[in-house]
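Let me begin by presenting the structure, written as structure tokens, before commenting on it.
The numbers here are math on the coordinates, done by the rules we state, and not lab data. Since the model is a prediction, treat every value here as computed from it, not as a measurement. Cβ placement follows ideal geometry from the backbone for every residue including glycine, while neighbour counts extend to all protein chains displayed.
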Amino acid sequence: MNDDHINYHLERARGGIGLSILEGVSIHRSSNFSLHLTDDKAIPQLARLVEAIEPTGMKLFNQLWHGGGIEAAPNGGPSWSVTTLPGRYSRMPPIEMSRRQIAELVRSYGAAAARLARAGLHGAEVLAGNGYLFSQFLSPGLNTRTDAYGGSLGNRIRFLEEVLTDIRASVPSGFALGARMGSSCNKSILTSEDVNAAILHLEGKGLLDFVDISQGDYYFHVERYAGMDRSAGYQIEDAREIGAG
């Protein structure tokens, strides 16, 4: 969290932007991203950003991230995922997460969100799409588990539901909580119908204040960042399907 990072968001706040969602942060040592929220050392750094932005009135959320089986763990070893099925670009099979490891990540998400609140941020967005860990659990094609986290859609949602529940219990009542979700362009991986059903279930539990919709994952990567040959708004139809009540 250096001065360039702070000034990047400050300029947008001065320009009238009402909300900035900071890029994904690692919530656990098993998955590495550009920013880390795995211990309390991150709180003073985030507080510097909040202090700079606060006078402008812009709100700050942060995205909470775990990559699952997409790539190797930070130590070069196997990553944690829903099963041992290798990710699209991974060089080794991941670890199929045990119940203990799932519980550890649930607590890590809650602790990370609590750090955001202590630093003065206004909300969190759990990255539950684009082929990362929660997408791997939601996918009927990738999730071949036979325990309480595999099989039916209700079981495949369970991990995400437990994480959102832990976050709710770890942050103040006014702290916004949402998720970024979406289908795969490979419908054997994850359909918009399953994503929509998951969202409606989680909303019914009172666990989501907002949802951001995106499309695509590492199994057809070009659909996430399409070239100029694709028409503007090419993901809207999929988003509209997911937004059905």
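Some observations on this one:
- Relative to the 2.2 N^0.38 Å rule of thumb, the stretch 90-192 has a C-alpha radius of gyration ratio of 1.13.
- Using only alpha-carbon positions in the stretch 1-64, the gyration tensor eigenvalues give semi-axes of 22, 12, 10 Å once each is multiplied by 5 and square-rooted (largest first).
- Label-point separation in nm, Ser98 to Asp39, each point 7 Å along Cα→Cβ: 2.4 nm
- Only Cα pairs under 8 Å and 6+ residues apart enter the sum, and on that basis the relative contact order of the stretch 3-242 stands at 16 percent.
- Reachable aspartates and glutamates from Lys187, criterion Cα separation under 17 angstrom, eight or more residues apart if same chain: Asp217, Glu223, Glu237, Asp238, Glu241
- Theoretical ellipticity at 222 nm over the chain - DSSP helices of four or more residues, -39500 (n - 2.57) apiece, nearest 500: -11500 deg cm²/dmol
- Fewest-first sequence of Glu54, Glu162 by Cβ atoms within 10 Å of each Cβ: Glu54, Glu162
- In this structure, Thr56 and Lys187 have a Cβ-Cβ separation that, at R0 = 45 Å, corresponds to a calculated FRET efficiency of about 0.55.
- Förster radius 30 Å - calculated FRET efficiency between Met1 and Ala226 (Cβ-Cβ, nearest 0.05): 0.45
- A Gaussian network model of the chain, with springs between Cα atoms under 10 Å, assigns the largest mean-square fluctuation among Asn62, Asn143, Asn186 to Asn186.
- Residue order, fewest to most beta carbons within 10 Å, for His201, His28, His66: His201, His28, His66
- Computed over all pairs of different Cα atoms, the Kirkwood value for the hydrodynamic radius of the chain is 18.5 Å.
- For Gly151, distant residues with modelled amide H under 5 Å away: Arg145
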